[in-house]
Structures are given as structure tokens and as C-alpha cells.
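Undergrad: Below is a structure I'd like to ask you about.
The values are calculated or read from the model by the stated rules, or taken from the named source; none is laboratory data. Fair warning: this is a prediction, and the values are worked out from it, not measured in the lab. Note: ideal-geometry Cβ built from the backbone for every residue, glycine included; neighbour counts use all protein chains shown. Ligands, DNA and RNA are excluded from the accessible area calculation, which covers all protein heavy atoms including side chains. Shrake-Rupley method; radii C 1.70, N 1.55, O 1.52, S 1.80 Å.
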Amino acid sequence: MIENQIETHLVKKQSKFPAVCTNCDSKIAPDKVYYLEEGVEEHIHSLIARKFCSNCYSKYGERILVKGMKE
């Protein structure tokens, strides 16, 4: 079976609205920095793009978060 995986990276953003970290489920308050998953060559719709808080980003790094913690 062939898996269709999109290559992604994380982009630093400033939250305009409250959000939740995909990794640790902590709240990301408005005006706080978070990291949004974005496709390298393909578009990822905002409804499925993962968001990570700055604590998870500094603790695990981009490569581990993009790969996924629960594999």
C-alpha cells in the first residue's frame, strides 16, 4: 500500500485567537507565539494543519513534532 504523505515544516506565528497545542493540549492564548504546520510543496488546509505551543517546540524540536510523537 502506498502512503500519500505531504512533506511539512513548522512556521512561527503569533496567535490572533485562542488555540490548543496538538501535542500537549495546552491552551495557546491570543498574542502568544506558536508553530503552525505548513506544506513544503503542497498546501495543507488550515483545518488539518497542526499547531504546537512554544514549550513543545523548544522541548522536542521541529523534526520530532512534524514526524509525530505517537508512531
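Undergrad: Could you tell me which trypsin sites (Lys or Arg not before Pro) in region 2-49 are loop residues by DSSP with no more than 13 other beta carbons within 10 angstrom of their beta carbon? Working shown, then result.
TA: Numbers: sites: 12, 13, 16, 27, 32; in loops: 16, 32.
Those that pass, being in a loop and sparsely packed, are 16.
Undergrad: If you don't mind, there's one more thing I want to ask. For a protection proxy built on the mean count of beta-carbon atoms within 10 angstrom, sort 19-25, 61-67 highest first, please. Write out the running numbers ahead of the final one.
TA: On the way: 19-25: 15.9, 61-67: 13.6.
Ranking, from highest mean packing down: 19-25, 61-67.
Undergrad: Within a Cβ distance under 14 Å of residue 14, other residues only, what is the Lys/Arg minus Asp/Glu net charge?
TA: Local charge sum for residue 14: +4.
Undergrad: Right, next: For the chain, with every protein chain kept in place, what is the accessible area per residue (1.4 Å probe, Å²)?
TA: On the way: 5760 Å² over 71 residues.
Heavy-atom accessible area per residue stands at 81 Å².
Undergrad: Something else: Quick check: net charge around residue 62, other residues with Cβ under 15 Å of its Cβ, Lys/Arg +1 and Asp/Glu -1? The partial results should precede the final answer.
TA: Working: positive: 12, 13, 50, 51, 59, 63, 67; negative: 7, 37, 38.
Here the count lands on +4.
Undergrad: Determine the relative contact order of the chain: mean sequence separation of Cα pairs under 8 Å and six or more apart, normalised by residue count, in whole percent.
TA: Details: 107 pairs, mean separation 23.0, N = 71.
So the answer I get is 32 percent.
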